[in-house]
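To keep things clear, I will list the structure first and then write my remarks on it.
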Amino acid sequence: MIRNHLVGASLPTRRSLFRAAALMGAASLTPGLAGCVADGLVTGGTGPERQSNLDVSPILLVATTRKPVGNPPKSPYFSSERGRGLSFAEVRLSAPDRSLIGKVSSVVSGDWAVTAVPQVETGAGAAAAFTQAAFGRDVLIYVHGYRESFASAAVSAARLSDGIHFRGASGLFTWPSAAATFDYGYDRESALWSRDAFEDLLKSLASSPSGGRINIVAHSMGTLLTLETIRMLRAEAGEAAMARIGAIVLAAPDIDIDLFTGAVERMGPDVSKITVISSTNDRALELSGAIAGGVIRAGAADRERLEALGVRVADASDYGGGLINHDLFLSNPEVQGVVKRAIGRAAGGA
């Protein structure tokens, strides 16, 4: 993910500006588009939303291949360095102030925040510890993209889960991004290096007798990690494991379209689980495509080309009003609705 660095603590961050845009609601949308996103389903008219489980109990289940900072952990809790295998932590968050004054002040101060990481478990028991913490509940796992710190990834996971009013366990799989503009290569290699650990986590969740469904929302470079891991899971653990996988939402996938095509074609009937949120005016994907040799990224491909592969497509091209348009699923309620409906379809078996 590409971010603008603003100098001085008094200036609003890019994330806070997204928050302000979200508060503006439909006023920020292109006229005539407030009723639907092109995933074949109409948004709106679904009645009052329920409170998210994360808002009631602000604990984020984190699985990571980042190196922990300190023992016991101290801020920033997890670094950009690669750790020794998978680690697990129950991360405590502070929820945003829901009052009118709080919403206004959050434009500058931010909304969700990491407040504590009481304990980290690293090694063979990490995947099982995550699974036990989520026992009996559906799980939403967010996999972040390029140029993300642990803290920014945790905030994004919280905003996503709360934004779609998810009622199960909220999780984050965070890999060792350098969180720096010019470390694209390091980030890509770190994401791919994390495949085995992510597969171990998914295997543990899929083998749990709790019966909870595993939903995955991956963004940008995280979609490469997710798609490769799901392909490995399907090949090694088979249909029983895949049956526990619910929705797989790939938001702005930063994947070479040819690589994406080859991976999806090997998914068999499980391709129906995949929803792609694309945008042909995503400036971050234009840049990464240039870095990667000029091959178009899957998240910037034409809807028809993606649909021909058998995936569902939500074309959010008309929803971006900014310079980058790379993480609309975090800032735009209509695009968030695509994620919510994908999870709802998975829960209903449709």
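In the stretch 141-163, which residues are closer than 21 Å to R213 by Cβ and either touching an Asp or Glu at 6+ places or on another chain (Cβ under 7 Å) or without any contact (Cβ under 8 Å) to a residue 60 or more places away in the chain (or both)?
D162
I'd like the residue in the stretch 282-301 that is out of contact with any helix residue (DSSP H, G or I) (no Cβ under 8 Å at 6 or more places or on another chain) and surrounded by 15 or more Cβ atoms within 10 Å (Cβ to Cβ) and, out of all such residues, is nearest to V249 (Cα to Cα). Walk me through how you get there before you give the answer.
Kept after step one, since they are out of contact with any helix residue (DSSP H, G or I) (no Cβ under 8 Å at 6 or more places or on another chain), are these residues of the stretch 282-301: 283-284, 287, 290, 292-294.
Okay, now just the ones that are also surrounded by 15 or more Cβ atoms within 10 Å (Cβ to Cβ), so 283-284, 287, 292.
Values: R283: 20, A284: 19, L287: 22, A292: 23 Å.
Residue satisfying both the conditions and the ranking: A284.
Starting from the stretch 190-217, take each residue that is farther than 15 Å from A126 by Cα and list its partners that are aromatic (F, W, Y), counting only C-beta distances under 7 angstrom and pairs at least six apart or across chains.
S190/W175; A191/W175; S210/F135; V217/Y142
Specify which of the listed residues (E81, E121) is charged (D, E, K, R), at pLDDT 95 or above, out of contact with any Lys or Arg (no Cβ under 6 Å at 6 or more places or on another chain) and open to solvent by 40 Å² or more (accessible area, probe 1.4 Å).
Details: E81 fails: out of contact with any Lys or Arg (no Cβ under 6 Å at 6 or more places or on another chain).
Just one listed residue meets the conditions, E121.
Could you list, ordered by first residue, the pairs with Cβ atoms under 9 Å in which the first is in the stretch 127-140 and assigned to a helix (DSSP H, G or I) and the second is among the hydrophobic types (A, V, I, L, M, F, W, C) and surrounded by fewer than 17 Cβ atoms within 10 Å (Cβ to Cβ), at least 6 apart or interchain?
Pairs found: A133/I59.
Counting residues that are farther than 21 Å from F130 by Cα, which strands (runs of 3 or more DSSP E) fully inside the stretch 162-278 reach at least 2? Spell out the reasoning first.
Values: elements: 169-174, 214-219, 245-251, 274-278.
The qualifying strands (runs of 3 or more DSSP E) are 245-251, 274-278.
Just to be sure I understand the filter: pairs with C-beta atoms under 9 Å, separated by 6 or more residues or on different chains, first member in the stretch 248-271 and open to solvent by 30 Å² or more (accessible area, probe 1.4 Å), second member at pLDDT below 95 and part of a loop (DSSP other than H, G, I, E, B). Which pairs pass?
If the second residue must be at pLDDT below 95 and part of a loop (DSSP other than H, G, I, E, B), the pairs left are D256/A292; D256/G293; D256/V295; D256/I296; D258/V295; L259/V295.
Exactly one of (1) closer than 19 Å to A342 by Cα; (2) open to solvent by 10 Å² or more (accessible area, probe 1.4 Å) is unmet by A235. Its number?
Every condition holds for A235 apart from (1).
Tell me which residues, restricted to the stretch 130-151, are surrounded by fewer than 19 Cβ atoms within 10 Å (Cβ to Cβ) and closer than 19 Å to Y77 by Cα.
Initially, the stretch 130-151 is screened for residues surrounded by fewer than 19 Cβ atoms within 10 Å (Cβ to Cβ), giving 132-133, 135-137, 151.
The one that is surrounded by fewer than 19 Cβ atoms within 10 Å (Cβ to Cβ) and closer than 19 Å to Y77 by Cα: A151.
Would you please list the contacts, defined by Cβ atoms under 7 Å and residues six or more apart or on different chains, that run from a residue in the stretch 168-188 that is in contact (Cβ under 8 Å) with a residue 12 or more places away in the chain to a residue that is of a type in the set (V, I, T) and surrounded by fewer than 19 Cβ atoms within 10 Å (Cβ to Cβ)?
Going by the 7 Å Cβ cut-off, the qualifying pairs are Y184/I291.
The values are calculated or read from the model by the stated rules, or taken from the named source; none is laboratory data. Owing to the predicted nature of the structure, the values given are computational and were not obtained by experimental measurement. Heads up, the Cβs are rebuilt from the backbone with ideal geometry, glycines too, and the neighbour counts pull from every protein chain shown. SASA here: full protein model, heavy atoms, side chains in, ligands and nucleic acids out. Shrake-Rupley method; radii C 1.70, N 1.55, O 1.52, S 1.80 Å.
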